[in-house]
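Here's the structure, in structure tokens; my notes come after.
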2 protein chains.
Amino acid sequence: MSSRLLEQLIDAFRVLPGVGQKSAQRMAYHVLERERSGGQRLSDALAEAIEKIGHCARCRDFSETEVCATCASGSRDAHLLCAVESPADRLAIEQATGYRGLYFILQGRLSPLDGIGPRELGLDTLATRLAEGEVQELIIATNPTVEGEATAHYLAQLARQHQVRPSRLAHGVPLGGELEYVDRGTLSHAFGSRSEVPQ
Amino acid sequence: MSSRLLEQLIDAFRVLPGVGQKSAQRMAYHVLERERSGGQRLSDALAEAIEKIGHCARCRDFSETEVCATCASGSRDAHLLCAVESPADRLAIEQATGYRGLYFILQGRLSPLDGIGPRELGLDTLATRLAEGEVQELIIATNPTVEGEATAHYLAQLARQHQVRPSRLAHGVPLGGELEYVDRGTLSHAFGSRSEVPQ
């Protein structure tokens, strides 16, 4: 390698998800050859975001302020609370649905083997919030994986303890999917949860 | 989006090659969730590289110093000069072959429509270098594309003007390739350039 700084930059790019040696090299060369101003912007944005972005005290989402804009907004329905595993999940729901309630971001899922228990997911904060009495329905939108289901089960119990109605996203055949290729578990679930065709 | 800084960071990541909206989101979340120290390192490495990495005055490769380590090294064969399009090509040759000569990095290829002519490729610097009389062979390793071939043709003429022997990388069937799937041009070239099997 011709330059120590270049080597250091390529190495630093590998911290990004899905970026190996070759992509990191390509990124470093691209920035130095054609995008020095964009690279400088990225450097500044990274440093500023890392310094200033923390977690919202209410929903645990990323936020620059003590309480994030969504939680602080008076126009959202405070009776509905949707629990998701990550900020990316929150964003997906926000973009795809017309949901106007609030969110709670777990920042993970229950995984005792990795040392992630209720405390790491901020479930004490969630319990306090449910105890306040304003939330009427807890929409549990964890991923349909083994750990996500276990987390959902735990959250449902927590909700019932505080007289809050727990609900879960519907499972079934994805739109545009073909029955032939849908996995057994999903198909069996979709079959069991069939609904009457409206007139 | 929950945070202006986060939005800005996602946008900044899109400057990287092959990174669209989804990957940029994933990178930003990954850095903020799990890799804040790595992200800080990336920010610093980017800023430092952009500030300090310029071009070597002899070979035009990226370099922190006026003349890069390869050009300054006394242990390389100064009779051989290999012209490549980009620093990545230089690195590929350096890693794959036992070449111990010097390099000249064009930082592009002749492309009149994009306004890239001999001056943009530093061919005046190259001409001066060839005129010095030390170089005996100019190994032309531009890419086998239309523009790369045009550049190679130009470089070969330049070399001959200065009584330097031009050479070109061999074209042919790639190792591990199957004849059936090799494109016509390559196959015809490989057939025409066949060599006698040594005893």
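Read-outs: derived from the displayed coordinates by stated rules, not from any lab. What you see is a predicted model; the values in this text were computed from it and never measured. Cβ coordinates were reconstructed from backbone atoms using ideal geometry, including for glycine residues, and neighbour counts include every protein chain displayed.
Table for the structure above
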read-out	value
Projected label distance in nm at A:Ala57 and B:Asp124, using a 7 Å step from Cα toward the beta-carbon	6.4 nm
Inter-copy label distances at A:Gly98 (7 Å, Cα→Cβ; nm, one decimal)	7.3
Value of [θ]222 nm, deg cm²/dmol, for chain A, DSSP H segments ≥ 4, -39500 (n - 2.57) each, nearest 500	-13500 deg cm²/dmol
Mean Cβ count within 10 Å, highest first, over the residues of peptides B:99-110, A:12-23	B:99-110, A:12-23
Nearest-ten-degree value, helix A:4-13 long axis tilted from longest Cα axis of chain A	10 degrees
Per the axis that maps chain A onto chain B, nearest residue of A (Cβ criterion) and its distance in Å	A:Ser43, 2
Rounded to 5, the percent of DSSP beta bridges in the stretch A:62-168 classed as antiparallel	5 percent
Overall Cα dimensions of the protein assembly as shown - principal axes, largest extent first, Å	91, 49, 42
Inter-probe distance in nm under a simple model that places probes 7 Å from Cα toward Cβ, at A:His162 and A:Glu149	2.6 nm
Computed P(r) (all Cα pairs; the stretch A:62-168; 10 Å bins; percent)	15, 50, 32, 3, 0
Estimated distance in nm for a label pair at B:Val173 and B:Glu66, the labels positioned 7 Å out from Cα along Cα-to-Cβ	5.2 nm
Degrees separating the helix B:146-161 axis from the principal Cα axis of chain B, which is the longest one	50 degrees
